[in-house]
Amino acid sequence: MDSRDHAVRSRRELLALVAAAGTVVAGCSAPTSTAPSTDDADTRRGTPAGAASEASPEQVAVDGDTDTEVAADEGTYTAVYRETIPSVVLVRVYGAGGPLGQGSGFVHPDGSHVVTNQHVVDGARSVRVRFDDGTWRAAAIRGTDVYSDLAVLAVDAPDAARPLELVDAEPPVGTQVVALGAPFSFGGSVSAGIVSGVDRSLPSQTGFSIPDAVQTDAAVNPGNSGGPLVTLDGRVVAVINSGQGENVNFGISAALTRRVVPALVERGAYDHAFMGVRLLDVTPAVAAANDLNAVRGVLVVDVVPDGPAAGALRGSDRERRALSQSVPVGGDVILALDGTPTPTQAALATHLAIRTAPGDVVETTVRRDGREQTVPVEVGARPPPE
């Protein structure tokens, strides 16, 4: 074990000991200061248009019954902040005409790259990153993936910027987390909250959703995009992606990040599994129109001609009215992939993204003509975005 591995392990053990005392997030208060007027790039670039929360960055306020409880809570958040913030960067992007925008990022476990969002660096001619010690470093875009909204930057990080490890398993809902980054260009900022939900499906301008996303109520504002959402032992739960409202924010899961980022480092791109079908969740109306005995599964609406599922899965061929609406009928209803139930499109997309790769044969359980059967589908690679 080299010195860096030892340092990372020691840091994680320290944070675990501090976090073991437990904390309670009882409330939040907004800072009274406002962002200074600068000639910096548009700070709203760090969160997708129309998705950012307009709330001010939040700070943790702890309400305890005794001074001891307050001290324990403050110590926990202070510890995770001090141990992780040297690895968190402000990412500034420049185009042909000057500054384009800014976001956040963090040092990847390999120690030689910074992880951020694809939309943060989109259109960049050059990139600079600022570490917590105030130093600026030139960064080169090593790879980007628009489908997962992830990007990797090659950068010579200072020794204090130790790699941040990813969590090994999906965090339980209710897990306490902190979001780190540079909201409104305020570098070195932290906000606290919990994991509010998992396995979310995020809309994307590519036409494909981003699966397996993590939802949090930790404050996320323009400029946070690309920064880490970490547990109290300093492990990355998600790469912050967007805010949908004051207390509803999202990040790209550690599981998807773990699959995509190594490919971006190695070859600059990542191939997503692709079935070549258009789907619709089974709702009460869909179930009624298709004579289904349960409201579960995913209806195949269309099959892409010459796509991976062509000849294996059946799309809908007509429409029928049910519960005062017109819905597709006649298509296969996908119930499971490789034995794993797929009650929703989100569950199906997560299985494809996390557990399969192009070339894999997926055993697809469908309901067709009133009975269940299993159909093998060899998944392909998702085509480039238009």
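The values are calculated or read from the model by the stated rules, or taken from the named source; none is laboratory data. Fair warning: this is a prediction, and the values are worked out from it, not measured in the lab. Here the Cβ positions follow ideal geometry from the backbone for every residue, glycine too, while neighbour counts run over all protein chains shown. Note: areas computed on protein heavy atoms with side chains; ligands, DNA, RNA excluded. Shrake-Rupley method; radii C 1.70, N 1.55, O 1.52, S 1.80 Å.
Determine the share of region 93-244's accessible area contributed by carbon and sulfur atoms, expressed in whole percent, with a 1.4 angstrom probe. List each step's numbers first, then the result.
Details: 2330 of 5020 Å².
That fraction is 46 percent.
Roughly how many whole Å is it from the C-alpha centroid of region 220-250 to that of region 182-197?
If you average the Cα positions of each part, the centres end up 6 Å apart.
For region 334-386, rounded, prolate or oblate, judged on the Cα gyration tensor with a ≥ b ≥ c (square roots of eigenvalues), a/c < 1.5 rounded, else prolate if a/b > b/c? Provide the component values of the computation, followed by the final result.
On the way: a/c = 1.90, a/b = 1.67, b/c = 1.14.
Prolate.
If amide H atoms are built 1.01 Å from N in the plane of the peptide, which residues on other chains or at least 5 residues away come under 5 Å of the amide H of Val375?
Counting only residues 5 or more places away or on other chains, the set is Thr364, Thr365, Val366.
Order 249-260, 225-236, 361-372 from most to least packed using the mean count of other Cβ atoms within 10 Å. Let's see the in-between values first.
Details: 249-260: 25.1, 225-236: 27.5, 361-372: 15.4.
Listed from highest to lowest mean packing, they are 225-236, 249-260, 361-372.
Starting from the amide H of Asp122, placed 1.01 Å from N in the peptide plane, find each other amide H under 5 Å away whose residue is 5 or more places distant or on another chain.
Those qualifying (amide H under 5 Å, at least 5 residues apart or on another chain) number zero.
Show me, for region 192-199, the HN-Hα J-couplings you get by feeding each phi into the Karplus relation (A = 6.51, B = -1.76, C = 1.60, θ = phi - 60°), rounded to Hz, glycine and proline as x.
10, x, 10, 6, 8, x, 9, 6
State whether region 130-287 is rounded, prolate or oblate according to the following rule on the C-alpha gyration tensor (a ≥ b ≥ c being the square roots of its eigenvalues): a/c under 1.5 gives rounded; otherwise a/b larger than b/c gives prolate, and the remaining case gives oblate. Spell out each step's value before the answer.
Values: a/c = 1.98, a/b = 1.35, b/c = 1.47.
Oblate, because a/c is 1.5 or more while a/b does not exceed b/c.
Is the shape of region 134-217 best called rounded, prolate or oblate, per the rule: a/c under 1.5 gives rounded, else a/b larger than b/c gives prolate, else oblate, with a ≥ b ≥ c the square roots of the Cα gyration tensor eigenvalues?
oblate
Taking only protein heavy atoms and a 1.4 Å probe, what accessible area per residue, in Å², does region 130-209 have with all protein chains in place? Write out the running numbers ahead of the final one.
Working: 3390 Å² over 80 residues.
Here the residues of region 130-209 average 42 Å² of exposed surface.
Output the peptides 153-163, 115-125, 285-295, 317-327 sorted from most to least packed, where packing is the average of other Cβ atoms within 10 Å over each peptide's residues.
On the way: 153-163: 18.5, 115-125: 22.7, 285-295: 16.7, 317-327: 12.7.
Descending packing order for the listed peptides: 115-125, 153-163, 285-295, 317-327.
Read phi for every residue in region 241-257 and hand back ³J(HN,Hα) as whole Hz from Karplus 6.51 cos²θ - 1.76 cosθ + 1.60, θ = phi - 60°, with x for Gly and Pro.
Running phi through 6.51 cos²θ - 1.76 cosθ + 1.60 with θ = phi - 60° gives 10, 6, x, 10, x, 4, 10, 10, 9, 9, x, 6, 4, 4, 5, 6, 4 Hz.
Just report the Cα centroid separation between region 251-308 and region 107-139, whole Å.
The distance from the Cα centre of region 251-308 to that of region 107-139 comes to 31 Å.
Can you give me the accessible area per residue for region 210-360, using a 1.4 Å probe, in Å²?
Values: 5500 Å² over 151 residues.
Roughly 36 Å² per residue, with all protein chains present.
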